[in-house]
Amino acid sequence: MPKVTEAHLEARRSQILDAAWTCFARKGYHQATMQDICQESGLSPGAIYRYFESKEAILKAINERSQEMGRALVEEARSLAGGPLNTLEVIGQTMLSYFNDPMVETTSRVNIEIFPEIIRNEQLRASVREELTFWHRAVTQLLSEAKERGQLKPEVDPDSLAALLMCAWECVRHYSLIDPHIFRPERL
């Protein structure tokens, strides 16, 4: 019997995660069932449970995928930019392009909906904490480098500024659903 390749296994995992995200977007996280994910993916329950033991495990894997994308973004921005502030600008422009995605509203709604689940579930909370820690460290490091180069005022605290920038990003994402005129990303 031929051995299944790692590429095949990864493609199948990705197929399941994409199907789950579609179901979460359509029905909401709590209303979407594993059966919905099976139907959307075209896979049997046995096939899905081979990769993920539960809907929470799928949500955790979606978050892990997001973390991988974030790390790749930071690495790519560093390679393209000529310094810490330019790197932050590349990251910022890439993140602002998120608002041009036709799925921006759906993605933001799903993220807001799953937040209570993240607060309730320690494993999911730890996963999100890991992602937030990554972003905080990356942005703090870039701001610290800029400060060392004299590109920021001496009184700027890179750690605090990084936290504020992260909070601003989340608020723009969420508040733009409520009032896209005031919270237009290109305006801010």
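Here are some notes:
- A Cβ-based charge dipole, computed about the Cα centre of the range 92-188 with Lys and Arg at +1 and Asp and Glu at -1, lands at about 120 debye.
- 29 Å Cα-Cα reach of Lys55 towards lysines, excluding residues that sit fewer than 8 places from it in its own chain: Lys3, Lys27
- Here the relative contact order of the range 1-57, from alpha carbon pairs under 8 Å that lie six or more residues apart, stands at 30 percent.
- Highest average first, the peptides 32-41, 166-175 ordered by how many other beta carbon atoms sit within 10 Å of their residues are 32-41, 166-175.
- For a straight C-alpha distance cut-off of 18 angstrom, the aspartates and glutamates reachable from Lys147 (same-chain residues fewer than eight places away being disregarded) are Glu89, Glu155, Asp157, Asp159.
- At the listed q of 0.17, 0.19, 0.22 Å⁻¹, the Debye profile of the range 7-73, built from one uniform point per Cα, gives log10 I(q)/I(0) equal to -0.55, -0.68, -0.90.
- Comparing Cα centroids, the range 25-75 and the range 125-171 end up 29 angstrom apart.
- Rounded percent of accessible protein surface that carbon and sulfur make up, the chain, 1.4 Å probe: 56
- Charged-residue dipole, Cβ positions (Lys, Arg, Asp, Glu), the chain about Cα centre, Debye nearest 20: 240
- Structure-based [θ]222 nm, the chain - -39500 (n - 2.57) summed over DSSP H runs of at least 4, per residue, nearest 500: -25500 deg cm²/dmol
- In plain terms, the chain from Asn121 to Met95 could stretch by 6.6 nm, reckoned as 0.36 nm per residue minus the Cα-Cα distance.
- The C-alpha atoms of the chain define a longest principal axis, and helix 104-120 lies at about 80 degrees to it.
- Bridgeable aspartates and glutamates around Lys153 (alpha carbons under 16 Å apart, same-chain partners fewer than 8 residues away excluded): Glu145.
- On Cα atoms only, tilt of 122-148 relative to the major axis of the chain in degrees: 30
- Among 19-29, 63-73, 147-157, sorting by the average number of other beta carbon atoms lying within 10 angstrom of each residue, highest first, gives 19-29, 63-73, 147-157.
- Unit charges at the beta carbon, dipole of the chain: most positive-side option, Gln151, Leu80, Ile112: Ile112
- All Cα-Cα distances of the chain, cut into 10 Å bins from zero to the largest, leave 8, 29, 33, 20, 8, 2, 0 percent in each bin in turn.
The values are calculated or read from the model by the stated rules, or taken from the named source; none is laboratory data. Keep in mind that this is a model prediction, so the values were computed, not measured. In this analysis, Cβ positions are derived from the backbone assuming ideal geometry, glycine residues included, and neighbour counts consider all displayed protein chains. To get the accessible areas, we keep the full protein, side chains included, count just its heavy atoms, and leave off ligands, DNA and RNA. Shrake-Rupley method; radii C 1.70, N 1.55, O 1.52, S 1.80 Å.
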